[in-house]
Structure formats: structure tokens, C-alpha cells
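Below: the structure, in C-alpha cells.
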Amino acid sequence: MREYLKKHAARIGLGLVLLGVLFGHSATFFRIPLIDQFDSIIYDYRLRFTMPRTVDDRIVIVDIDEKSLKEEGRWPWSRNRLALLLDKLFERYQAEVVGFDIVFAERDESSGLRVLERLAREDLRDVPGYPGKVHQIAPQLDYDRLFAESMKGRKVILGYYFTGLSETSGKLPPPIFPAESFSRRPIDFTRWTGYGANLAEFQEAAALGGHFNPLPDPRDGVVRRVPIVAEYGGAYYEALSLAMVRALLGFPSVFPGLAGDSAGYGGLEWLDLAGPMGELRIPLDQNVCALVPYRGKQGSFPYVSASDVLNDRVDPAVLKHKVVLVGTTAPGLLDLRATPVQATYPGVEVHANLISGMLDQTLKIQPSYVIAAESLVILASGVVLVFLMPLLSPFHGALTTLGVLIAVVATNLAVWQHANMVLPMASALVLVTGLFALNMSWGYFVEARTKRLITGLFGRYVSPDLVNEMARDPGSISMEGDSREMSVLFSDIRGFTGISERMEPRELSRFMNEFLTPLTEVIYRHRGTVDKYMGDCIMAFWGAPLPDAEHARNSVLTGLEMQATLQALRPRFQERGWPVIKAGIGINTGVVRVGNMGSEMRVAYTVMGDAVNLASRLEGITKQYGVDVVVGQNTRDAVPDFLFRELDRVRVKGKEEPVAVFEPVGPRDSVERGLVEEVALFHEALGYYRSRAWDRAEAAVSALVRIRPESELYRMYSERVAYLLANPPGDFWDGVWTFEIK
């Protein structure tokens, strides 16, 4: 763990910084406007993706549209027409509740009654019968009184608005909660300093009143929420939608849902409506607002033209026992809003959606504890990803990121759809994608630089796979000199000098490329490092720059596969008229010095030591024994699962100490039984040879020659035994053959 933290300290540190920033945002220690805006966009997409797109015919909008203005005249209409509208709705069409998304703040002077009364008092007061006639017709010309009378005893809800100014007009309805109801709790109500309400006689005649203030998002002006309860002058007033639902349910009592008993927790989380016609719970957010549950685009509720109602052109079944909202969609009357589902949306339909959601109990909830839930998710997922991502490859990192993103989105949508709860998503998405981008960028700009450096240093020595492996752990790679046990291989083409003299330079270059390339690929395939090419000779080693516990075994496998590769190349070479090539390979294992070595002008990553020299000498004696691969004693001992044929004990040039040399036959579990017996017979002959039992040695070798007459090794020993049989050596003979050639 300590090494892991040390290796990835910078990357983990940057990840923790990103986690800290997003945790602070989610825990509301501070706010990041860009993430809030991103959350709003995500909210809108979720809403559009899941909205039912059906029409709720329980709520009907009586529309003061362009058709109505054309037939009835410009707005405002005289109040006697509005009184007639109410009479039609309640008497002819039997509407259940009627709400006005309109404010009647000024008196109606259209009847001329005020002029007639002034004339009766002043200019025409002496005209016989005139004042009395005016008094007689006044009730029919007092349109405001007519309108107020049409409201009495009916479930009529008047709308009004609050403002941030200090000006007031009209009369507010009674508050839903009196002043000081929540004075000891820090509840974050929307607070207003002014209002525009209806004339007092209208509000007193109406059943209830409710404000129709939406709460446009200050970032983009989109209406997503409406304050269900707003504060003015210390008292608390209900929204138009809530007032209409209360009227529909028979004016039930309202009970605030205060979470907990602590005065330090501002948790007005819901309102309970309890009355003779049923009970409803209305969830609220931290600002005592409700999220508008839009059903779809404009037209999610039936629309009828106000002029059609006035002129009896509406099917009574459309309005019977329905909740009616009187509003306007005429562009000139400016009641159009920007909403998540449509850029220009009638304000009256916003209230219709709220009423529908309250009745269906489909209002989305966003309680205060959502903050804690989001913070916990951010913290848990962030800590896991911060420490996990440095361990993953780009591919697995991308898969992990995609999996986490899918889990976040799926969980969020499931909670939205089935629990009607709004969980913020932007912080989690930004965190997950940010950590992915950080780690990928780190991999590209930092680790890719390390990889390019390693590729520059080792790309000409080892395979791309080993380069990638070294790049994953560059701290384990050192160019400094080091002593370690390794295996070294030398390969040389026999008779190459004569071959090269008979070929043109360009053809010779193609010829060498044709066999050096596949031989190098074999070395790479077995995790070898190419030290150098010396003409037709290849020098390679195993165990550096990356440690390799199987270096001896890999070197032997390489030697055998190189010979098989050359065998496979011979038909192609013959087709091109090139000579058949044979190679000798020498392999030895031992402690060597490895690292950058050379002069101040030029250095090379190479190996040096007696074990290297012996490997070179072993390659040189392969042709003396007529075998393709010769390995030293240490290599043979390091690969116990291979069958080796001991060739001899020799004293190579430059070394006085004799060494045993061997030919690798193959893995023991794959060598044919006949070949195993042949090797055993040769070892028996070699034992007779070293013990000076010349007759027995001659018989054993002769048997081997009969078994494999093409073997140069058996013919050589046959000749050597025959010579020693005829010329017995002296007592000094130790069975070691001395080579004077390299």
C-alpha cells in the first residue's frame, strides 16, 4: 500500500481535490453555478423523458384567446360579461370549482354608471325624475357588484400576485397560516414585500384566493417550481393551485408537516389536507415550493374558448363537475412562460399541472435530506474511484466509468419514476467523468511521456508488450549497472561469409532482413531482449530490463523455436534461389553485469561477464558436434522439465575449468519414447567413454550410428572412440575435450 500511494501520490491528490470540491458543492458549503445549471438541464431532460403526455380532462381551461377577443372585444371585458361567464359555468355547465388566473384590481367604469351618478348629483339634479331614474337603474349598471354577486356561495378562487416592491393594491385573502406560525423555525420561505390583489368586494365574495407567482430559475428564467406557501408581512399565503384543490375537497384543514421537533431544523416538508372529502399530502422542497409535474406540452388539458362558453357553444359534458381555470393564451396579454417542456407555455396551464399533480399525488419530492444523500454518494463513489482508477488500464478504466455512469443514471431514474423523488445528478456525473478524464489525461501526458522515454530507451531491444509492461511500472526499470543471474543467447549463421560474397548488396540486405526479422520476433515472443546484431549474428539475453524468473527456460524455448523458424524459411528461400541457411545457437546461464555501458560519446544497454563469453563459445562449438543448440550446465540445471542430451565436457578457449555442455531435446512430456531411449543409450555410451571402457563404448556408439546414421554427433564419437581404442591415452587423460577455437 505504501508503494502504491507513493507511486500514484500526485494522481490521487488531484482526484481528492476534485472530490473535495464536488463534495463541498453537494453539501452546500458553497455553490458552483455551472453545476447547478447542469442539474437544471438534467432535471428538464428527466422530466421530458418521463412525462405521461396524456390529457387530464378533470381540469378544463376556459381560454381568453384571440377568438374571444375578436368576438367580445379587447381586454378587459366589462364585469357583467364576466358575471355572465360565471353564471354559465356554474348553472348551465355545472362546473365544480372556478379559479381565475387573472387579477381584478381596478373598478369597471365601462357601464357609465359613475357618469350618470355624477350628473344626478351635479348638472342634472334639478331635472324632474332624473336622480330617481338613475338610482333605479344603478344596480343593473354596477357591473362590479354584479360580478361580486355572481361569486357568492360558489367555489370561486381569485388569483393575485406578490412583488418585490413595497407597493400594494387590492385586498389579500386570509392567510393559510397566521403570522408567527413558523417564527421559531428557520424555514426558507419565499418572501415578498408587495402585492397586486383583487378589489376588496371581489375577494370578500370569493371562496378563497391564491397567488399565482411562479418561481423562475434565476439562471435561465425557466419555471420549474411554484411557491405553495409564500410569506408576506409575517403571515403565510397559499398558491392558487392549492386554494383550488382545497375548494374541490370541501375546504379541508391544512396541517404543516414539520420534520422533527427541533427549532434549529427548518424542515417544512409537506402539507396535509384533511377534510370530509378526503386527505392529500403535498410534498414541499426546502423553499416550501412544489416542482411542477408537467404532463406534456401545451394542450395537456382541454381548452375551451371563453366566447364559446358565453354563447353556449360548448358540450356540457366537457365542463360538468370539472375544475375550471380561467386564463389567457392570447400573446398580447403576456401570460406566457418558459418551461422545461416548451419555450413559450401558457401560465394558466402551469397551475393546471400543479392541480393535477396534487390530485394524483405525483408531485416530485425534494426534501432537505436529499443533500445528505447526495453528499454520501459523492463521498463513497469518489473515494473508491480515486484509489481504484490508477490501478486500471485505459480500457478497464473506461468500462468502470461507463458502468458507474449507468448505475448513477439508472438509480436516479428509478428513484425519480418509482419514488417521485428528485436526486441531484450533476455532481456525481461531473465527479465520475472528471476522475476518468483526470486519469486518462494523466496517462496521456505523464505516463505516455514515461512510455515514450522507455520506448526510446528499450524499443530497439525488447518487444512492444514488454515496453508496455515496463511503462506500467517505470520505477522498476534502471539503466544503471547491476549484477544478476541471467541467460544469454548467441546465434550465428554458418558459412555466412561465403554466402555474402556471392550476393549483390541489395539482395544481401533483403536476405538478411528475411531471416533476422522472424528470428527477432521469436526472441520477443519469449520475453527476450535483443542486445545487438553483429552481421549475421544475434545476441540476446533474458532477465533484464524486466526480471524474469523463467529466463533460462525462455531462452531454451527461443533457441528451439529459432531453429524451427529457420527450417520453415528454407522452402521460401529455395524458391527465390537463395542458399539454405543453418545456424548454431549457444545459450548459457550465470551471473552477469547488465546496464548502460560504453564511453562518454556512446553507450549501449548490454551484458558482460564470463557467462556471456561462455555462451559465445558454446555457439562456436555447435558445428563441432553437429547439433543446432548447445547450452551450459547452469542452463540445463535451471530447466528440470526439459530433456537434455549431454554432449561432452569441454575446455573452451580462454577458460581452464572444464564445463559440461548439453543439447536441449524438448519438454520431457512431449518427447517421443524412442528418442528418450536413444538419449539414454548415448549417455550410457558417454559413461563407457569416460571410464575408458573402449570396447563397450565402441559397441554403444555403433548401435547409435545404426539407429541414426545421419547424426554427425554419433559419427564424431565413433571416430574419437576408434582413435582412442587404437591409441589409448595416458593417465593424465580426464575425458575433457579442449577447443582452441572460439
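For the range 333-359, a residue qualifies if it is without any contact (Cβ under 8 Å) to a residue 40 or more places away in the chain and over 45 Å from the mean Cα position of the chain (by Cα), but none of them does. Among the residues of the range 394-412, those that are surrounded by 13 or more Cβ atoms within 10 Å (Cβ to Cβ) and within 18 Å of VAL430 (Cβ to Cβ) comprise GLY397, ALA398, THR400, THR401, VAL404, LEU405, ALA407, VAL408, VAL409, THR411, ASN412.
Could you list, in sequence order, all residues of the range 709-725 that are surrounded by 14 or more Cβ atoms within 10 Å (Cβ to Cβ) and among the charged types (D, E, K, R)? Those that are surrounded by 14 or more Cβ atoms within 10 Å (Cβ to Cβ) and among the charged types (D, E, K, R): ARG715, ARG720.
Within the range 37-76, if we keep just the residues that are assigned to a loop (DSSP other than H, G, I, E, B) and surrounded by 15 or more Cβ atoms within 10 Å (Cβ to Cβ), the residue that is nearest to the chain's Cα centre (by Cα) turns out to be MET51. Per this entry, ARG81 is not counted among residues that are outside any helix (DSSP H, G or I) and charged (D, E, K, R). Taking the stated definitions as given, is GLY584 closer than 20 Å to VAL659 by Cβ, buried (at least 21 other Cβ atoms within 10 Å of the Cβ), more than 51 Å from the chain's Cα centre (by Cα) and assigned by TED's automatic domain parsing to the domain that holds VAL488? Taking the combined requirement at face value, the residue satisfies it. Screening ASP44 on (1) modelled with pLDDT of 90 or more; (2) over 28 Å from TYR369 (Cα atoms) shows it passes everything except condition (2).
Among the conditions (1) closer than 23 Å to LEU215 by Cα; (2) assigned by TED's automatic domain parsing to the domain that holds THR433, the only one that ARG48 does not satisfy is (2).
The C-beta contact set for the range 54-78 (first residue free of Cβ contacts under 8 Å to residues at least 40 places away in the same chain and farther than 15 Å from LEU89 by Cα, second residue of a type in the set (A, V, I, L, M, F, W, C) and not in a helix (DSSP H, G or I), distance under 9 angstrom, 6+ apart or interchain) comprises PRO76/ILE102; PRO76/PHE104; TRP77/ILE64.
Counting the residues of the range 177-226 that are farther than 22 Å from GLY164 by Cβ, of a type in the set (Gly, Ala, Ser) and either touching a helix residue (DSSP H, G or I) at 6+ places or on another chain (Cβ under 6 Å) or not assigned by TED's automatic domain parsing to the domain that holds SER253 (or both) gives 3. Only a single item in (1) more than 52 Å from the chain's Cα centre (by Cα); (2) farther than 28 Å from GLU719 by Cβ; (3) buried (at least 20 other Cβ atoms within 10 Å of the Cβ) is not met by ARG570, and it is number (3). So, of the residues in the range 610-630 that are of a type outside the set (Phe, Trp, Tyr) and in contact with a Leu (Cβ under 7 Å, 6 or more places away or on another chain), which turns out to be surrounded by the fewest Cβ atoms within 10 Å (Cβ to Cβ)? Residue satisfying both the conditions and the ranking: GLY626. Looking at (1) touching a His at 6+ places or on another chain (Cβ under 7 Å); (2) assigned to a loop (DSSP other than H, G, I, E, B); (3) not basic (Lys, Arg), which is the only condition SER181 fails? The one condition SER181 does not meet is (1).
Inside the range 284-332, residues that are closer than 30 Å to ILE371 by Cβ and of a type in the set (Gly, Ala, Ser) make up a count of 1.
The values are calculated or read from the model by the stated rules, or taken from the named source; none is laboratory data. Being a predicted model, the structure only gives us computed values, none of them experimental. Virtual Cβ from ideal backbone geometry, glycine too; neighbours counted across all protein chains shown.
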